[in-house]
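What follows is a set of notes on a single structure, which appears directly below.
Values in this text are rule-based calculations from the coordinates and carry no lab data. Keep in mind that this is a model prediction, so the values were computed, not measured. Don't worry about glycine lacking a Cβ; one is built from the backbone with ideal geometry, like all the others, and counts go over all protein chains shown.
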Amino acid sequence: MFDIEHYFEAKSVEEAVRLLSEHEDAEIICGGTDVLVKLRDGKGAGGSLVSIHEIPSLRGVRVLPDATLEIGPATCFTDLTNHPLIQKYLPYLGEAVDTVGGPQVRNQGTIGGNICNGATSADSAATMQTLNAVVVLVGPGGVRRVPVTEFYTGPGRTVRQHDEVCRAFEIKPEDYVGFTGCYMKYGKRAAMEIATLGCCVRVRLDDACSRIEETRIGYGVAAPTPIRCRNTEAALAGKSVEDESIYELIGTSVLDEVNPRSSWRASREFRLQLISELAKRALKEAIRRSLNHEAPGAAVPGEERR
Ligand SMILES: Cc1cc2nc3c(=O)[nH]c(=O)nc-3n(C[C@H](O)[C@H](O)[C@H](O)COP(=O)(O)OP(=O)(O)OC[C@H]3O[C@@H](n4cnc5c(N)ncnc54)[C@H](O)[C@@H]3O)c2cc1C
């Protein structure tokens, strides 16, 4: 059924890097929910696969000594959303990956595959942008860290080299402490639907919960790659949460920072309308969650290992 030359099962990240270096035709496979669909369509047929699925160190979520959260790329969506650290510190990331496909896809598909496939429609992408997630890549020359905001180079393309394996995603405390967030996805149906548009808005309020200290706005499908809207983020700083004009501001300002396309799924005009409306709704919900005191403090090292 699948035209595969060799199938290698790496037992460590180092072995995976070596196998990729030795076999130019080889591609990484983790959950396989993208790779196998592509192969069945004839793309990459006759090539080899290096599986990283059975490398235990690539799974789970941990707290590093400096309170950085480390997410293993081979963590499937179901395990991610159910993980106590995600529920406590990054619930909006769980909310985002809960919208992927259906239960079977979420049991098999991984966050590493979702980011490394380079797709602008990937449901974790907008949220990871707002988290300033750092992509930890291991290659023959060692380890390099790339901010996810600099990871994408075009549709389906990233800065990852052929023989580099994503070993982890790191989220620093300054990127999650005190923030609430909300991910909203528009698709024509509730399940088994690739995003027509995905939007994540996160906010950090001042101690009195009356003003916005910081906003982060991330989109999928609003441009050829996942993006942030930094000018709009800056424009919202210092605004009162009771000032209803902030919703008009976000809904209008983001339109200057996006570049959606028309596709068979939706026209550019419809996407622009979604970009504006989802931002307003996600901001409202993120603020509501902050006023409800849902913003987390820093994770405690050793709190949860897996
Ligand atoms: C029926 C169906 C519905 C779907 N619905 C959605 C949806 O609603 N939303 C959505 O976002 N996606 C959806 N997808 C796409 C897919 O499930 C996700 O993109 C998933 O996250 C891919 O993860 P994976 O582990 O299966 O990746 P794989 O298929 O194993 O790999 C995907 C790509 O990432 C690379 N890769 C994987 N892991 C690493 C790593 N650690 N280091 C470097 N490169 C790596 C692979 O080489 C490959 O290029 C759907 C897929 C199917 C089949």
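A compact table of results
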| read-out | value |
| --- | --- |
| Mean Cβ count within 10 Å, highest first, over the residues of peptides 269-278, 185-194, 98-107 | 269-278, 98-107, 185-194 |
| Projected label distance in nm at residue 157 and residue 188, using a 7 Å step from Cα toward the beta-carbon | 3.0 nm |
| Alpha carbon centroid spacing (whole Å) that separates the range 228-259 from the range 72-88 | 30 Å |
| Rotationally averaged projected area of the range 56-172 (alpha carbon convex hull; nm²) | 7.0 nm² |
| Eligible aspartates and glutamates near residue 188 by straight Cα distance, threshold 17 Å, same-chain separation 8 or greater | 98, 123, 269, 277 |
| Order by protection proxy (mean Cβ within 10 Å, highest first), peptides 136-145, 14-23 | 14-23, 136-145 |
| Residues of type lysines that residue 185 reaches as a straight line, Cα spacing below 16 Å, ignoring anything fewer than 8 places off in the same chain | 280, 284 |
| Charge dipole (debye, nearest 20) of the range 54-114; +1 at Cβ of Lys and Arg, -1 at Cβ of Asp and Glu | 60 debye |
| Whole-angstrom Cα spans of the range 15-83 along principal axes, big to small | 44, 26, 16 |
| Cα pair distances of the chain binned at 20 Å [whole percent] | 34, 57, 9, 0 |
| Positive dipole terminus of the range 1-60, leading residue within 8, 52, 23 (C-beta point charges) | 52 |
| Residues 37, 148 arranged by fewest to most Cβ contacts within 10 Å | 37, 148 |
| Rounded FRET efficiency, nearest 0.05, which uses the C-beta distance separating residue 43 from residue 273 and R0 of 25 Å | 0.15 |
| Other-chain or far-sequence residues with amide H under 5 Å of residue 187's (modelled H) | 196 |
| Candidate lysines for bridging to residue 88, where Cα separation is under 17 Å - those fewer than 8 sequence places away on the same chain excluded | 172 |
| Centroid-to-centroid separation of the range 1-67 and the range 168-210 [C-alpha atoms, Å] | 28 Å |
| Kirkwood estimate for the range 1-131, i.e. one over the average of 1/r between Cα atoms, Å | 15.5 Å |
| CD proxy at 222 nm, helix term only [per DSSP H run n ≥ 4: -39500 (n - 2.57); per residue of the chain; nearest 500] | -8500 deg cm²/dmol |
| Cα-Cα pairs of the range 180-291 separated by more than 20 Å (percent) | 36 percent |
| Potential lengthening between residue 144 and residue 243 on full extension [0.36 nm per residue; Cα-Cα distance subtracted] | 31.3 nm |
| Nearest-0.05 FRET efficiency for residue 211 and residue 256, computed from C-beta distance (R0 22 Å) | 0.40 |
| Along each principal axis, Cα extent of the range 7-51, largest first, Å | 30, 20, 11 |
| The chain, dipole about Cα centre (Lys/Arg Cβ +1, Asp/Glu Cβ -1), debye to the nearest 20 | 560 debye |
| Relative contact order [Cα under 8 Å, 6+ residues apart], the chain, whole percent | 18 percent |
| Amide H within-cut-off set for residue 109, under 5 Å, with H built and near neighbours excluded | 77 |
| Zero-based 10 Å bins, Cα pair distances in the range 232-302, whole percents | 17, 39, 26, 15, 4 |
| Estimated FRET transfer efficiency (residue 264, residue 105; beta-carbon r; R0 30 Å; 0.05) | 0.90 |
